[in-house]
Amino acid sequence: MIWALVLIMLGGVLAGFLHVWLKKRISFFPLLVIEIVLLSVLAVYLFIAYELGFTIRAMSSFGYSFLMCLITFSHESGYEKIKNEANRVEIEKIELNKHSSRVWVDAAFAMTFIGLSVLYFVFNSYDSVWSLILLYTNVVMICQLLKKAVLYRNLEVYFSKEKNCIYILSNITAKRYPLSELSEAKLESNVDVLKLFPLFTMFSTNEDFTTSMGKTLKLVFSGETVYFNAKNTSWLTTIESREEKELPSEIAQVEVLPFYHKKNIKRLLGKMYFAISVKGVGAYTTLTVILSLLKVPIWAITIAVIVLWIFNLYISDRLLKIALDVKEIDDPNVLAVADKVLSRAGISDVKVFQTEANELNGFAAGANIGRSMIVLTSETLKLPLEAIEAVFAHEAVHVKKRDVMIGQIIRILALLVIVLFIYSLYHSFLLRNESLLFYIVFVLIFFLPLIQSLLLQWMEVRADHLGAIWLDNGNDQMADGLTALAVKQDELTYKAERYNLSNEEKNSSIERDSWFFRFLEFQFMIHPPMYWRIQSLKETGTEWNMKKIRKWWKERFYESLPDKKNKMESM
């Protein structure tokens, strides 16, 4: 029945695509009536042809696919405003190079990863939670591929000297980028697919509007980096803010090798392995299928999967170097503060790297101290040195305490606990119904982040407070560093949303939010809310002890409650 489910999910994608297309041509009420009738017909057919459990899964899968397609192709906030503004002002069309090879390259990569799932379905044609997770992943990939095809067909770019901005317009997107926010402009000799394909990177601030494989204009704005294939760049020399931004009179030319070039083979293979082993489940799926075909016992398959996981953890530092295109930090001032912190932590041999990204982030990688590294994004390196030093101190704790390895073990153990729980329930008389078992498994996997959040947040709180010990100004410097990082990230996020002319107002991340969002952050996320991290540093001394652990545990609970109840409890 798995293939019936595949067809139903593809039908959901098609229905979502047709909804987006028809709503521009049919008024809302007739379209709603048509969709309700068709959905009712599908539901009746499934109830007649299949058992109740499969029908419920099929309808939920259809709904998921439909929703993912709507999200992918929905207009951003401010879409109509930007379109209308572009029609009112004097604009100059920027001619684009277009060639279908750009779409086919993305399609080839996508189908490679989807093909791994197809292998699983061919040789394991039974309905399971694992199958559904693979299908859901593929639906997102298919929607993104369709979006790429639509952008290729009708993308247009305009330059307005009057507004000193560029407009990027299509049937599904509308962006306005003020050139006063432009900080860098480069002309790359080829599209760097290994940087732009979604599964090949950990960061998502790149806006890929490329429509050919040739010369690509790269424009770096606050919060976003934009790529498109302009036929000429002469309009860039006329922007008003050129001298203020100290941009050169000519666009810098950068050589980018095609992804298939022999010098890119190692990078290509590394990116693909990163995609299937870190961002996807393809490596484990493929291994399971191969061993199943060889009639290997289930216990041996389990051991093989664990060995593969250990191997991936062991090479994680080298894998991330390739995936993130990192390079060693060469700024002497940054290296000086890094050396000071790492020496105080007793891990002075750990190397520090940077990766290009328009968001503020830093992380530790590697299975143990000898193979660990600390990576900061290029945007994080623009913070004051005291803030950068605080970020290094936080990440140094993760390296010193081997948190990367322990975090992975926690994830595996949490999953193992769930599997054993399911196994025990499966043999009870209450769960002979496979449909009921299916949904219990799905719910348990959904709540897996609860277990992870509890343990991983403890590591993050410890990294804040223990890292502060290695700073000259202790807790105050760590709190100020986190504040600087959060304020700058809020600023970049706000500017990125303004490119859509969004009027949505969001709370600052250093301010206490409503109880629902506090609940989500405290109970499901890896990091506690930023306001609480800063507050806890300011309210306590520069040390790490059981008193602080109890404080975190207690406030993690009370801060997750509605405000009225929270106040009653504290009285």
(request) Would you check if Arg432 is under 30 Å from Glu539 (Cα atoms) and either open to solvent by 20 Å² or more (accessible area, probe 1.4 Å) or modelled with pLDDT under 65 (or both)? (result) no
(request) Kindly indicate whether any position in region 330-340 is open to solvent by less than 40 Å² (accessible area, probe 1.4 Å), at positive phi and either assigned by the TED database to the domain that holds Gly481 or at pLDDT 85 or above (or both). (result) no
(request) State which residue pairs qualify: first residue outside the structural domain of Ser189 (by the TED database) and inside region 254-268, second residue aliphatic (A, V, I, L, M) in any location, beta carbons under 6 Å apart, and separation of 6 or more residues or different chains. (result) Phe259/Val193; Phe259/Leu194; Phe259/Leu268; Lys263/Leu257; Asn264/Leu257; Arg267/Leu194; Arg267/Ile322
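Could you tell me which residue of region 514-549 is least open to solvent (accessible area, probe 1.4 Å), considering only residues that are touching a Pro at 6+ places or on another chain (Cβ under 7 Å) and charged (D, E, K, R)?
Of the residues in region 514-549, the ones touching a Pro at 6+ places or on another chain (Cβ under 7 Å) are 515, 518, 521-522, 524.
Next, from what is left, pick out any that are charged (D, E, K, R): 518, 521.
On the way: Arg518: 1, Glu521: 64 Å².
Of everything passing the filter in region 514-549, Arg518 is least open to solvent (accessible area, probe 1.4 Å).
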(request) Kindly indicate the residue of region 363-416 that is of a type in the set (A, V, I, L, M), in contact with a strand residue (DSSP E or B) (Cβ under 9 Å, 6 or more places away or on another chain) and modelled with pLDDT under 85 and also most open to solvent (accessible area, probe 1.4 Å) among those meeting that condition. (result) Val404
(request) Report whether or not Glu255 is open to solvent by 20 Å² or more (accessible area, probe 1.4 Å) and modelled with pLDDT under 90. (result) no
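Quick one: which helices (runs of 4 or more DSSP H) lie wholly within region 313-419 and hold at least 3 residues that are among the aliphatic types (A, V, I, L, M) and more than 21 Å from Asp472 (Cβ to Cβ)? Working first, answer last.
Values: elements: 316-323, 332-345, 385-400.
It comes to 316-323.
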(message) Could you tell me how many of the residues in region 341-362 are of a type in the set (Ser, Thr, Tyr) and either at pLDDT 90 or above or outside the structural domain of Thr493 (by the TED database) (or both)?
(response) 2
(request) Could you tell me which of the residues Asn190, Asn232 is touching a Pro at 6+ places or on another chain (Cβ under 8 Å), over 18 Å from Leu501 (Cα atoms) and polar (S, T, N, Q)? (result) Asn190
(message) Would you confirm whether or not region 472-493 contains a residue that is open to solvent by 30 Å² or more (accessible area, probe 1.4 Å), modelled with pLDDT of 90 or more and of a type in the set (Ser, Thr, Tyr)?
(response) yes
(request) Would you point out the residue of region 24-70, among those that are more than 35 Å from the chain's Cα centre (by Cα) and small (Gly, Ala, Ser), that is surrounded by the fewest Cβ atoms within 10 Å (Cβ to Cβ)? (result) Ser27
(request) Exactly one condition in (1) modelled with pLDDT of 85 or more; (2) not assigned by the TED database to the domain that holds Ile114 is not met by Glu181; state its number. (result) (2)
(message) Suppose we filter region 544-571 for residues that are in a helix (DSSP H, G or I) and either modelled with pLDDT under 85 or not basic (Lys, Arg) (or both); how many remain?
(response) 15
(request) Go through region 518-557 and give me each residue that's among the acidic types (Asp, Glu) and without any contact (Cβ under 8 Å) to a residue 24 or more places away in the chain. (result) Glu521, Glu539, Glu555
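Across region 151-166, what is the number of residues that are more than 19 Å from His99 (Cα to Cα) and touching a Ser or Thr at 6+ places or on another chain (Cβ under 7 Å)?
Taking region 151-166 as the starting set, the residues that turn out to be more than 19 Å from His99 (Cα to Cα) are 158-166.
Narrowing further to those that are touching a Ser or Thr at 6+ places or on another chain (Cβ under 7 Å): 161, 164.
Final tally of qualifying residues: 2.
The values are calculated or read from the model by the stated rules, or taken from the named source; none is laboratory data. From a predicted model like this one, the values you see are computed outputs, not experimental measurements. Methodologically, a virtual Cβ is constructed for each residue, glycine included, from the backbone with ideal geometry; neighbour enumeration extends over all protein chains shown. Ligands, DNA and RNA are excluded from the accessible area calculation, which covers all protein heavy atoms including side chains. Shrake-Rupley method; radii C 1.70, N 1.55, O 1.52, S 1.80 Å.
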